[in-house]
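Undergrad: Sharing a structure here in structure tokens format.
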Amino acid sequence: MSTGTRTSRQWLLTLPSLTWLAVFFVIPAILVILTAFRPADLQGGVGPGWTMDTLHELNDPAYLPILWRTFSLSAATTLICLVLGLPVAFQMARAGQRLRQVLLLLVIIPFLSNFLIRIFAWKSLLHPEGPLTKLLISLQLIPENAVLLHHSGTVLLVLVYTQLPFAILPLYAAAEKFDMGLLDAARDLGAGPWRAFAKVFVPGVRRGLSSAAIMVFVCCLGQYVIPQMVGGASDEMLGSKIAQRVFSDRNLPHASALAGGLMLAVLVPMLIVVLWQQFGRKEES
Amino acid sequence: MKRSWLPGFITLCVILFLFAPLVVLVVNSFNASRFGGEWEGFTWMWYEKLWAAGEIWESLLITLKIAISASLAAMVLGTLAAYALHRFRSGLQNVHHMLITLPLVMPDILMGMSLLALFVLTGLETGLLTIWIAHVTFCLSFVTMVVLGRLQDFDFTLLDAARDLGATQAQAVKKVLLPLLLPGVLAGGLLAFTLSIDDYVITFFVSGPGTTTLPLRVASMMKTSRSLPMINALSTLLIASTFLVAVCSHRLQRRA
């Protein structure tokens, strides 16, 4: 095939998805950042002209605790998910073919189940009249009038619950390719099981670790449904503020400024990672 | 060598942790007690109430319309994208690859927010069309990734063999590549279908009056305690269908 037809074939195949993503992903992302510099109008849209007012309004110390909470909850969720996900991925990878498929299915089902339903399930479990509260009270593990819902611990618990499959799946994908014989070798050379796990298995799946960490951390950064449904008034995250600006205050520029900030915080490090990986791939080949 | 029991134990605990809330939900959908704190006898009552709630079935219809049309579009776009990514190595494909990957790591709220900004600024009325556009956008990357995984196992010399035996390029693609690729494309489509049915956050941003999808309906039902047991029943049906879809998709991806 001549290079000319090959190039045109490449463009023909690439153009549909490329155009779609340019129009409905790249342009909207740029629009969000631009909207932050537009004045708000009363109908919930944007007014004419440009302004820096929104950015000045954002310079408000009230946002600091929200930013800190968003960051620390996301970091804690990521850490817990990795610590729980690693042994699960390890167990799945070393299990026999049949058990492995069953375990995989067991992780995928909650992953595919409706997000709202999973939050709702916890909401009814932790409800003052719910089964878990009653059980814990009857075992005298918590006081009679304890409230399990609506505090930051609940938000963390449900975040971990919803994100855990997102951590396990990339970890498993990496663990599956890992040569388990290396662990036996390490054990033969005198390493204990912990040492073999920490020094051989964990470095062996580092790619899976980094994609799991990014997946979970970034997903958490944008959460607003979980703090809204199981958290208390003082558990708002950055996402809660964005949703509040859009739906209650009907202030699109303000919401855009917050979303734009979050977007830059997510995408810039991501771009660096992607470019670094592409650079690394060229080095290898 | 003796294997440690600890990873197996943690796995068991994690699986229990993942399923316990869902199991309680399913059990409570048959529980006569309103809050499900105690077992007050078996009942079909909540399912009967659910059956009689017409607005839920309307929402289901809207959800299915969007999910089917969005996953079909994402299947076509995603398959083309995966083929291009797999066959060509160029600067264009590097950019393409980046554009396909970024939506996977974009928090839902940001995707919803940026599409809303697009629709507000272009004056496009929010409704079925805007929800469809949003769903195709977030499904596209997932379908591409699934099909790409399938393509990596595909033996491209089969295409050359077909050409040597006198098939045209179009015939070779139609008779050799597509049939072998079909399970991957279908698995991607099923994933897109489930993602579309489940989506709440993005849909919430780009929906308009009269386009209350099932997750939006569930969210508004969650606010009134009267309908809580009905959500248990609805959730049970949804979990059962997710289970079926997961098993089907799993079979499709494994069939070599």
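Undergrad: If you build a Gaussian network model of chain B, linking Cα atoms that sit under 10 Å apart, which residue out of B:LEU237, B:LEU92, B:LEU64 swings the most?
TA: Evaluated over chain B, the most mobile residue of the options is B:LEU92.
Undergrad: Another question, if that's okay. Just round it to a whole percent: the fraction of Cα-Cα distances in the protein assembly as shown exceeding 30 Å.
TA: 55 percent
Undergrad: Continuing with this model, one more query. Where a Cα-Cα gap under 19 Å defines reach, which aspartates and glutamates qualify for B:LYS223, not counting those fewer than 8 residues away within the same chain?
TA: A:GLU129, A:ASP235, A:GLU236, B:GLU55, B:ASP198, B:ASP199
Undergrad: Placing +1 at every Lys and Arg Cβ and -1 at every Asp and Glu Cβ, with all other atoms neutral, what dipole size does the stretch A:97-247 have around its Cα centre, in debye to the nearest 20?
TA: With Lys and Arg at +1 and Asp and Glu at -1, about 340 debye.
Undergrad: Longer than 32 Å from Cα to Cα, which of A:LYS177/A:LYS241; A:LYS177/B:LYS65; A:LYS241/B:LYS49; A:LYS123/A:LYS241 are they? Say none if no pair is.
TA: Details: A:LYS177/A:LYS241 41 Å; A:LYS177/B:LYS65 39 Å; A:LYS241/B:LYS49 36 Å; A:LYS123/A:LYS241 22 Å.
With Cα atoms farther than 32 Å apart: A:LYS177/A:LYS241; A:LYS177/B:LYS65; A:LYS241/B:LYS49.
Undergrad: Something else about it: Using a 10 Å cut-off on Cβ atoms, rank the peptides A:240-250, B:65-75, B:8-18, B:186-196 from the highest mean neighbour count down.
TA: Packing proxy ranking, top to bottom: B:186-196, B:65-75, A:240-250, B:8-18.
Undergrad: Magnitude of the Cβ-charge dipole of the stretch B:54-254, K/R +1 and D/E -1, about the Cα centre, nearest 20 debye?
TA: Result for the stretch B:54-254 is approximately 240 debye, rounded to the nearest 20.
Undergrad: Sort A:TYR172, A:TYR161 so the one with the fewest other Cβ atoms within 10 Å of its own Cβ comes first. Mind showing how you got there, number by number?
TA: On the way: A:TYR172 24, A:TYR161 21.
Fewest-to-most ranking of A:TYR172, A:TYR161: A:TYR161, A:TYR172.
Undergrad: Top mean-square fluctuation among B:VAL95, B:VAL143, B:VAL185, Gaussian network model of chain B, C-alpha springs under 10 Å?
TA: Looking only at B:VAL95, B:VAL143, B:VAL185, the biggest GNM fluctuation is shown by B:VAL95.
Undergrad: Work out which helices of chain A, taken as complete DSSP H runs, extend at least 18 Å along their axis over the Cα atoms and score a mean Kyte-Doolittle of 0.0 or more, then list them.
TA: Helices passing the filter in chain A: A:63-94, A:97-112, A:152-177, A:206-221, A:252-284.
Undergrad: Additional query: Starting from the eigenvalues of the Cα gyration tensor, five times each then square-rooted, give me the equivalent ellipsoid semi-axes of the stretch B:1-85, largest first, whole Å.
TA: 35, 33, 6
Undergrad: Just tell me, in residue order, which DSSP H segments of chain B are both 18 angstrom or longer along the helix axis (alpha-carbon based) and at least 1.0 in mean Kyte-Doolittle hydropathy.
TA: B:6-28, B:54-87, B:108-122, B:128-152, B:178-198, B:228-254
Undergrad: Over all distinct Cα pairs, what is the inverse of the mean 1/r for the stretch A:1-149, reported as the Kirkwood hydrodynamic radius in Å?
TA: Kirkwood hydrodynamic radius for the stretch A:1-149: 22.4 Å.
Undergrad: Please compute the alpha carbon radius of gyration of the stretch A:63-250, then divide it by the globular-protein estimate 2.2 N^0.38 Å. Two decimals is fine.
TA: Normalised by 2.2 N^0.38 Å, the Cα Rg of the stretch A:63-250 equals 1.21.
Undergrad: Most fluctuating residue of A:TRP20, A:TRP50, A:TRP122 in a GNM of chain A with Cα springs under 10 Å: which is it?
TA: Looking only at A:TRP20, A:TRP50, A:TRP122, the biggest GNM fluctuation is shown by A:TRP20.
Undergrad: Could I ask something else about it? Sketch the reach of a paramagnetic label on A:LEU271 as a point 7 Å from Cα along Cα-to-Cβ, and name the residues of the stretch B:80-115 whose backbone nitrogen lies under 19 Å away.
TA: What the label zone holds, given the 19 Å backbone N cut-off, is B:91-107, B:110-111, B:114-115.
Read-outs: derived from the displayed coordinates by stated rules, not from any lab. Please read all numbers here as calculations on a predicted model, not as lab measurements. Backbone-built Cβ (ideal geometry, glycine too); neighbour counts: all protein chains shown.
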